[in-house]
Amino acid sequence: MENSNIELITRLVLEEIKKKDNTGNGFLVPVGVSARHVHLTQKHVEALFGKGYELTKKKELMGGQFAANEVVTIVGLKLRAIENVRVLGPVRSSSQVEISATDAVRLGIKAPVRLSGDIKGSAPVAVVGPKGVLYLEEGCIVAKRHIHMPPKDARAAGVSDGDIVSVKADNDRETVFHQVHIRVDESFTLEMHIDTDEANAARISTGQTVSIMK
């Protein structure tokens, strides 16, 4: 192959790499938009769906989790409700309701922004199932934006579990998300999770990519 052709191919390859890297030097991460959902203990599953009831799997998610076929209604302190909220499995050691800030306004509750699992002192909420009603004195949160990573991707991105980074969506809204938490585990698939409020404001949908800023 002639040198001129080699140079042309090399230049085209480099240009394509630059196109794939929106910031020129950031680490690309696919986005998953997370809708409101509920995590339940086995005790609370039975309180809502009946004694001995077990969640049934609708769709596999990362880290051994799954979207269940079961849905519930969540109710705020002013008796404002949101129906058909998906339950995620498997069961957990504590129950938790994750909503958007817009949902919190709709329900009339003050849900704090927290990482999943950090529910101490969070907002109260009622959960209604086909067989019963559950009142959680705490457990309703607005999930902090975060990135799930397997260790190999964390190494490639130069980050560690617990790090906080900024992420850029290089689209027509040119949005930068600060305070994005890195969560690393062997069972994770690379994906940034934001809620529906954040996705709508930045005009981002599931499957699009963002870049970790250096």
What strands (runs of 3 or more DSSP E), lying completely within the stretch 92-174, carry at least 1 residues that are of a type outside the set (Lys, Arg), open to solvent by 30 Å² or more (accessible area, probe 1.4 Å) and in contact with a Pro (Cβ under 8 Å, 6 or more places away or on another chain)?
-> 133-143
Hey, could you check the stretch 173-197 for residues that are acidic (Asp, Glu) and touching a strand residue (DSSP E or B) at 6+ places or on another chain (Cβ under 7 Å) and say which is farthest from Ala156 (Cα to Cα)?
-> Asp195
For Leu88, all conditions in the list (1) free of Cβ contacts under 8 Å to residues at least 40 places away in the same chain; (2) open to solvent by less than 50 Å² (accessible area, probe 1.4 Å); (3) among the hydrophobic types (A, V, I, L, M, F, W, C) hold save one; what is the number of the exception?
-> (1)
Can you spot a residue in the stretch 42-65 that is modelled with pLDDT of 95 or more, open to solvent by 80 Å² or more (accessible area, probe 1.4 Å) and part of a loop (DSSP other than H, G, I, E, B)?
-> yes
Kindly list, by first and then second residue, each pair from a residue in the stretch 176-200 that is more than 10 Å from Ile147 (Cβ to Cβ) and open to solvent by less than 40 Å² (accessible area, probe 1.4 Å) to a residue that is in a loop (DSSP other than H, G, I, E, B) and of a type in the set (Ser, Thr, Tyr), limited to pairs with Cβ atoms under 9 Å and residues at least 6 apart or on different chains.
-> Asp195/Ser100; Glu198/Ser100; Ala199/Ser205; Ala199/Thr206
Of the conditions (1) outside any strand (DSSP E or B); (2) open to solvent by 50 Å² or more (accessible area, probe 1.4 Å); (3) modelled with pLDDT of 95 or more, Lys78 clears all except one; give me its number.
-> (3)
May I ask you to say which residue of Val29, Val38 is under 19 Å from Val97 (Cα atoms), part of a strand (DSSP E or B) and within 22 Å of the chain's Cα centre (by Cα)?
-> Val38
Does Val105 satisfy being closer than 22 Å to Glu70 by Cβ and out of contact with any helix residue (DSSP H, G or I) (no Cβ under 6 Å at 6 or more places or on another chain)?
-> no
Scan of the stretch 31-41 for residues that are open to solvent by 40 Å² or more (accessible area, probe 1.4 Å) and out of contact with any helix residue (DSSP H, G or I) (no Cβ under 9 Å at 6 or more places or on another chain), ordered by number = none
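The values are calculated or read from the model by the stated rules, or taken from the named source; none is laboratory data. What you see is a predicted model; the values in this text were computed from it and never measured. Quick reminder, even Gly has a Cβ in these numbers, built from the backbone with ideal geometry, and neighbours come from all protein chains shown. Remember, those area values only see protein heavy atoms, side chains included, never the ligands or the DNA or RNA. Shrake-Rupley method; radii C 1.70, N 1.55, O 1.52, S 1.80 Å.
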